[in-house]
Amino acid sequence: MQKNLLYIFLSVFVFYAQLSQYMFNPLYINPAAAGLDGVTRFQLHYRNQWSNYQTTFDGSGSLGTQIFTASMPLNGLHSGIGIQFVNDKTPSGAGYQNLLLSYSYQIGLSGGAVLSIGAKGGIHTKSFDSKFRPRETGDPIVDALSGSVNQTKTDFSVGALYKTANYQIGASLNHINSPSYSFGSDQSGQYKIKQVLNLNASYDYYLTDLIKVSPMALWKTDFVTSVLEGGAIFTYDDKYWVGGSYRLNDAGIIIAGISMLKDNALRLGYSLDLTTVGATAKAPLSHEILLSYAIPAPRLLAGKKTPVRTPRFRH
């Protein structure tokens, strides 16, 4: 009976928070990206997964995810720091929240390249609002449950990123300590978060002085299953972008956005996922909004200003 409760509870955690505009928020994937872009940046993602998703027992709703990240460089220490908060919920009330701090150390290489090594750690909470549907009635554990049920554990990740003027390659390993959760008194049914390996790469190529194309790819695996995503973004005058990608066996994605204000400090982005596999069990569309704002790095520990080199300019 107790195992049945545990299995029912854990079955709601089959969804992994996707991020279609991951290319604009590398810190979410890799802690080595903390402070690497040379500015203090605040980013907010709001994702409506499978809009108007209909469930069999729990009514309608959406799989909602909110992601906030912030990072800043500490150039005097050749490093950067960052913070990440994620809130993920399903219509049934199951979800998770995490709060993680990141640190990166950046090593300058020849030709202006940088090798950044990073780590992040914090807390990861699994939660459920007690809408249990036991297979058998009369279980005293189920009857005693009320309100929100949650457990909080520590969570750690590591990563590395190699970046040049026009391309970057990164790798990260999330949940390296595989935090485990157990609900009920039967500890034999512990649930562990699997380690997830991320490999990503991108390349910037200028077709003209004003038009840049950036192909990119992301591969994720928990060493049992894997997800591959690839696409390209076209950027005009460093202000407007449009492009798309495809997440294998899941969805096609359309991405567009605009940069505004001085030094393109404000970014607004939007992506639309078109479900291509298993649409009858999901919903056809997912929406994601990106809001990003950057300010200059603080003078504290600013160090010597690092020259910025692009294929068009030399400083």
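Each reported figure results from applying straightforward, stated rules to the coordinates on display, with no laboratory input. Here the structure is a predicted model, which means the values were calculated and not measured. All Cβ positions, even for glycine, are placed from backbone atoms using ideal geometry, and neighbour counts span all protein chains on display.
Computed quantities for the displayed model
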quantity	calculated
Long-range amide H partners of Ser182 with built H, under 5 Å	Tyr191
In order through segment 239-254: 3J(HN,Hα) via Karplus (6.51 cos²θ - 1.76 cosθ + 1.60), integer Hz, x for Gly, Pro	10, 10, 9, 8, x, x, 8, 9, 9, 4, 6, 9, 7, x, 10, 10
Note, ³J(HN,Hα) from phi for segment 224-230, Karplus 6.51, -1.76, 1.60, rounded to Hz, x at Gly and Pro	10, 10, 8, 10, 10, 9, x
Cβ-Cβ FRET estimate between Tyr270 and Ile295, R0 fixed at 25 Å, reported to 0.05	0.60
Amide H contacts of Ser79 (H built 1.01 Å from N, under 5 Å, at least 5 apart or other chain)	Leu74, Gln106
Two-site label geometry, Leu77 and Asp263: point separation in nm, points 7 Å out along Cα→Cβ	2.1 nm
Efficiency of FRET between Gln66 and Ile123 - r from beta-carbon atoms, R0 25 angstrom, step 0.05	0.90
Label-to-label distance, nm, for residues given as Thr208 and Ser180 (7 Å Cα→Cβ offset)	6.1 nm
